[in-house]
Every structure is written in structure tokens, then in C-alpha cells.
Amino acid sequence: MLSIKDSLLSKTNQMWKFYLFNFFLVLSVVLLYFGFYYIEDTKFGVSLILFSLFVGLFGFAFSSVSIRCPSCRLRWMYWAVKTKKINGWLSWLLNVKKCPKCNFG
Ligand SMILES: [Zn+2]
């Protein structure tokens, strides 16, 4: 069980950025679903699919850039995605207690 309340993200009041990321991700999947649903109405379906990809990328880019260490400005999410395994960065991000660069926390 993840102890999100003890994570550095909530301590530094950045949890909302992570929730926003989840929101954009869900929105992206929903749009993608409708995009494929309306794929026969070509223009609309394709537009929806492209838009869903944009929404997903935007959410990811926003959180990657904005979730940072208040002390050394290290981009935690970006750092985690870059250095951890594909199935490891998320739990690292939610469980991190100290900044890997400056030990803030
Ligand atoms: Zn730091």
C-alpha cells in the first residue's frame, strides 16, 4: 500500500499536479475511446484521436516540468521517468522521502 500522505509530493504541496496528470490521462483515454468509436465519421474520429494524444502528452509534459524539488529544482517526475524502470518510476515518485539530488525532505 502506498503511503501517499508521507510522500514528498504531498509535503511540498505538489500532489495536485500529480492528480492533474491522472485527470489528463483519463481524459485522454476517454477521448481516444470516442475517437475510435466515431472513426467511421473520419474527420471527427481522427481529430478526436489526435486531440486525445495531445491531451495525454500535455498532461505528461506539464507534470514532468512542474513537479520539482523546491530546494534544488530537480524535476522529480522527469528524473524518475528517466532513471527508473518503466514500472518503477510511479511508485518511486509516490514514495520518495528525500530528494535524490539534494536530500531535501
Ligand atoms: Zn532537491
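The values are calculated or read from the model by the stated rules, or taken from the named source; none is laboratory data. From a predicted model like this one, the values you see are computed outputs, not experimental measurements. Positions of Cβ are backbone-derived with ideal geometry, glycine not excepted, and every protein chain shown enters the neighbour counts.
Helices (runs of 4 or more DSSP H) wholly in the stretch 20-105 with at least 3 residues that are modelled with pLDDT of 95 or more - which ones? Write out each step before concluding.
Working: elements: 42-66, 76-83, 89-95.
In the stretch 20-105, the matching helices (runs of 4 or more DSSP H) lie at 42-66, 76-83.
Taking into account only those residues within the stretch 78-99 that are farther than 18 Å from residue 66 by Cβ and out of contact with any Gly (no Cβ under 9 Å at 6 or more places or on another chain), which is nearest to the ligand (Cβ to nearest atom)?
Start the filter on the stretch 78-99 by keeping residues that are farther than 18 Å from residue 66 by Cβ, which leaves 83-88, 91, 95, 97-98.
So of that shortlist, the ones also out of contact with any Gly (no Cβ under 9 Å at 6 or more places or on another chain) come out as 83-88, 91, 95.
Working: 83: 14, 84: 16, 85: 22, 86: 24, 87: 24, 88: 20, 91: 19, 95: 16 Å.
Ranking the qualifying residues of the stretch 78-99, first place goes to 83.
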**Request:** Look at residue 53 and say whether it is touching a helix residue (DSSP H, G or I) at 6+ places or on another chain (Cβ under 9 Å), surrounded by fewer than 16 Cβ atoms within 10 Å (Cβ to Cβ) and closer than 24 Å to residue 82 by Cβ.
**Result:** yes
